[in-house]
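Asks: The structure is given below, and queries will be raised subsequently.
The values are calculated or read from the model by the stated rules, or taken from the named source; none is laboratory data. Remember, it's a predicted structure, so these values are computed and weren't measured experimentally. Cβ sites come from the backbone with ideal geometry, for glycine too, and all protein chains shown count toward neighbours. These accessible areas exclude ligands, DNA and RNA; they are computed on the full protein's heavy atoms, side chains included. Shrake-Rupley method; radii C 1.70, N 1.55, O 1.52, S 1.80 Å.
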Amino acid sequence: MSQYPNINSPSEEVIKKACDALLAGKLVSFPTETVYGLGADATNDKAVAGIFEAKGRPSFNPLIVHVPSLEIAETLVEFDELARKVAEKFWPGPLTLVLPRKKECPISELASAGLPTLAIRVPANQLARDLLTSSNLPVAAPSANPSGQLSPTMAEHVAKGLGDKVTVILDGGACGVGLESTVAAVHDGRITILRPGAITEADFSGLTANPVAQATEESDIVSPGMLLSHYAPSCPVRLNATSVNKGETFVGFGPGFNDIEESNLSPSSDLREAAANLFKTLHRLDEENAQSIAIAPIPETGLGIAINDRLKRAAAPRG
Ligand code: TXA
Ligand code: MG
């Protein structure tokens, strides 16, 4: 018997419990062949916000979405010929592909941090596969550690780091690879490695005549529309606004702005709700051709830190 009440040895009943937790918007930790993931229903904005909250991440890095098969991945993102070849060769396995979201992709925009691309992978671990198949949900999952700490390779690491923030921890013993998946973008017949991992440049040889590019730092990626650039609306954004200027669209937070706001990230000042609404709201205003956006102050605590980080980037002068 484990000293941690949320660690569960696998059984059909436990998988069912984990599926129910995911469906209820709760967090479930599961083993993959790389490291333990901290999973939530990737189609549920609030559940995805809960991942960032539990990890205490100071910024909204986009997350990896886990699915049981290439067939299901094809319903969410666009595969070109090379991407399909790569997926067929390495899935299930420790490779994440960054591909364009489909137009009607139901995955939370928070999971891809507002980007037009989505990181997706088919894990090989049997427990992970059981969870994905039984729940019939795409599962967004970063490594299941508090921000800044080591990635967990044992159920106990997860329990120690995240405690009761995780409803169910599926105990699959030690992870085989122990290192996060390789993240690669595939576009225009080229493969770019965004994060090194168990699958290396040499493993890709023969799949394309083009050289494999390496981008280990975000700053290495410069080409326009490329993968790690941050999402920002196309119009100017003004922060900490308490009144609205002519021509601005006002986005509130909390009560008290009803007379001027066109949108409110969370009328009840709930930071998780605000995180869940952030990218959706900015995208919608962009589509409505807002000329200028003014946003109410967001408290710099908990998830507010990551929200403000994104808003500051959105408000920064564009080069
Ligand atoms: O092995 C793994 O990949 C583990 C297990 C749980 O699957 N997950 C994991 O997730 O390491 P995370 O969130 O810690 O790392 C996700 C990586 C980050 O480097 C992130 O920047 C990148 O994937 N990423 C996610 N979406 C992206 C996107 N749309 N464009 C570029 N990079 C993206
Ligand atoms: Mg991580």
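Asks: Bin width 5 Å, origin at 0, all Cα-Cα pairs of region 1-153: what percent of pairs per bin?
Replies: 2, 10, 20, 23, 22, 14, 6, 2, 1, 0
Asks: Turning to a different aspect of this structure: With every protein chain left in place, what is the accessible area of R238 in Å² (1.4 Å probe, nearest 10)?
Replies: Here the accessible area works out near 80 Å².
Asks: Taking the Cα centre of the chain as the origin and placing charges on Cβ (Lys, Arg +1; Asp, Glu -1), which of L239, S269, A54 is farthest toward the positive end of the dipole?
Replies: L239
Asks: May I ask you to list the trypsin sites (Lys or Arg not before Pro) in region 46-111 that are in a DSSP loop and have at most 11 other Cβ atoms within 10 Å of their Cβ? Show your work: numbers first, answer last.
Replies: On the way: sites: K46, K55, R84, K85, K89, R101, K102, K103; in loops: K102, K103.
Counting only loop positions with at most 11 other Cβ atoms within 10 Å, the trypsin sites (Lys or Arg not before Pro) in region 46-111 are K103.
Asks: Could you size up the charge dipole of region 74-182 around its Cα centre, putting +1 on the beta carbon of Lys and Arg and -1 on that of Asp and Glu, and report it in debye to the nearest 20?
Replies: Numbers: 10 positive and 12 negative charges, 19 e Å.
Taking the Cα centre of region 74-182 as origin, the dipole is about 100 debye.
Asks: To the nearest 20 debye, what charge dipole does the chain have about its Cα centre, counting +1 at the Cβ of each Lys and Arg and -1 at the Cβ of each Asp and Glu? Numbers along the way, then the final one.
Replies: Working: 27 positive and 37 negative charges, 66 e Å.
Once rounded to the nearest 20, the dipole reads 320 debye.
Asks: Could you give the angle, 0 to 90 degrees to the nearest 10, between helix 12-23's Cα long axis and the longest principal axis of the Cα atoms of the chain?
Replies: 20
Asks: Rg and Dmax in Å for region 176-215, alpha carbons only: what are they?
Replies: When restricted to Cα atoms, region 176-215 yields Rg and Dmax of 10.3, 33 Å.
Asks: Right, here's the next one. Bin all alpha-carbon pair distances of region 1-54 at 10 Å intervals from 0 and give each bin's fraction as a whole percent.
Replies: Pair shares across the bins are 23, 52, 25, 1.
Asks: Would you mind calculating the relative contact order of the chain from Cα pairs under 8 angstrom and at least 6 residues apart, reporting the percent as a whole number? Can you show the working numbers first?
Replies: Values: 695 pairs, mean separation 69.5, N = 319.
Over the chain, the number comes to 22 percent.
Asks: Residues in region 96-133, backbone N under 15 Å from the label point at L23 (7 Å along the Cα-to-beta-carbon vector): list them, ranges by number please.
Replies: Answer for this model: 131-133.
Asks: If you take the square roots of the eigenvalues of the alpha-carbon gyration tensor of region 61-115 and sort them as a ≥ b ≥ c, do you get rounded (a/c under 1.5), prolate (a/b over b/c) or oblate? Could the numbers behind the result be given before it?
Replies: Working: a/c = 1.87, a/b = 1.51, b/c = 1.24.
Judged from the Cα gyration tensor, region 61-115 comes out prolate (a/c at least 1.5, a/b above b/c).
Asks: If you don't mind, there's one more thing I want to ask. State the extension gain, in nm to one decimal, for the chain segment bounded by R195 and R313, taking 0.36 nm per residue of separation less the distance between their alpha-carbons.
Replies: Values: separation 118, 0.36 × 118 = 42.48 nm, distance 2.25 nm.
Gain on stretching R195 to R313: 40.2 nm.
Asks: Using a simple spin-label model with points 7 Å from Cα along the Cα→Cβ vector, what separation in nm is obtained for K103 and K160?
Replies: Roughly 5.0 nm, to one decimal.
Asks: Relative contact order for region 59-167: what is it in percent, counting Cα pairs under 8 Å that are at least 6 residues apart?
Replies: Details: 153 pairs, mean separation 36.2, N = 109.
Relative contact order comes out at 33 percent.
Asks: Here's a follow-up. Over region 240-300, one equal point on each Cα, no solvent: what is log10 I(q)/I(0) by the Debye formula at q = 0.12, 0.20 Å⁻¹?
Replies: Values returned for q = 0.12, 0.20 Å⁻¹ are -0.25, -0.70.
Asks: Another question, then. How much of the accessible area of the chain, probe 1.4 Å, is carbon plus sulfur, in whole percent? If you can, show how the numbers build up before the last one.
Replies: Details: 7200 of 14130 Å².
After summing per-atom areas, the C and S share lands at 51 percent.
Asks: To test your reading of the geometry: what angle, between 0 and 90 degrees and rounded to tens, separates the Cα axis of helix 126-135 from the longest principal axis of the chain?
Replies: 50
Asks: Here is a follow-up. What does the charge dipole of region 31-101 about its Cα centre add up to, to the nearest 20 debye, if the Cβ of each Lys and Arg holds +1 and the Cβ of each Asp and Glu holds -1?
Replies: On the way: 7 positive and 10 negative charges, 55 e Å.
The dipole of region 31-101 has a size of about 260 debye.
Asks: Here's something else I'd like to know. Given 25 °C and 0.890 mPa s, how large is the Stokes-Einstein diffusion coefficient of the chain in µm²/s, with Rh as the Kirkwood radius over Cα pairs?
Replies: Values: Rh = 20.3 Å.
Translational D for this selection: 121 µm²/s.
Asks: Using the Cα atoms as the points, what is the convex hull volume per residue of region 80-195 in Å³? Walk me through the intermediate numbers first.
Replies: Details: hull volume 14.9 nm³, N = 116.
Enclosed volume per residue, from the Cα hull, is 128 Å³.
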